[in-house]
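Take a look at the structure below.
The values are calculated or read from the model by the stated rules, or taken from the named source; none is laboratory data. Just so you know, these numbers come straight off a predicted model, no measurement behind them. Because the Cβ atoms are built from the backbone with ideal geometry, glycine has one as well, and the counts that use them run over all protein chains shown.
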Amino acid sequence: MFAVLVLLFLVLPILELYVIIQVAGGIGGFQTVGLLILVSVVGAWLVRREGLSVLRRVQEQLSHQQMPTKQIVDGGLIMLAGALMLTPGFITDGVGVLLLVPPTRIAVRHVLMRRFKGRFGIASMGAPPGFRSGPVYDVSGSESDHVDLNRNDDPLNPPSLP
């Protein structure tokens, strides 16, 4: 873990500066700054577009009462891509753009889910406790589409009187 942190905080900025200086030497300083800004703007647009797409898929999965595990991982990867796109530099921007492209993101998601399977309950066990997969019944026993979230059924912690 220490080696990863050293790589992130020492080696990566040095590499980013080297690449920026090389690009500036080739196309000029103002053009390099303009290119970095352009890549950030395009990246922000892509993050927004992909993020909204994942949000729609999460809502669809939840409406079918399914746990959106893959979509949650995709959302995390898109957030990481957004953070990388905000970091000035061509290397981090390149990695960020790769994470925004769905085929690359799917490959990374597959590797991450396989690597961490079993470490988190959601990845290996499906829905968490309390996640209902069937119809909801009210107190009278009749089927209902409404669930009272304010209801307190805990006998050890009864609701207080007003």
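Quick check on segment 31-44: of everything there that is surrounded by fewer than 15 Cβ atoms within 10 Å (Cβ to Cβ) and touching a helix residue (DSSP H, G or I) at 6+ places or on another chain (Cβ under 9 Å), which residue is nearest to LEU80 (Cα to Cα)?
Per the stated criteria, the residue is ALA44.
Looking only at residues in segment 19-39 that are within 11 Å of PHE90 (Cβ to Cβ) and within 30 Å of the chain's Cα centre (by Cα), which one is modelled with the lowest pLDDT?
The qualifying residue modelled with the lowest pLDDT is VAL39.
Can you tell me which residues in segment 88-115 are touching a residue at least 24 places away in the same chain (Cβ under 8 Å), farther than 10 Å from LEU77 by Cα and among the small types (Gly, Ala, Ser)?
Of everything in segment 88-115, just one residue is touching a residue at least 24 places away in the same chain (Cβ under 8 Å), farther than 10 Å from LEU77 by Cα and among the small types (Gly, Ala, Ser), namely GLY89.
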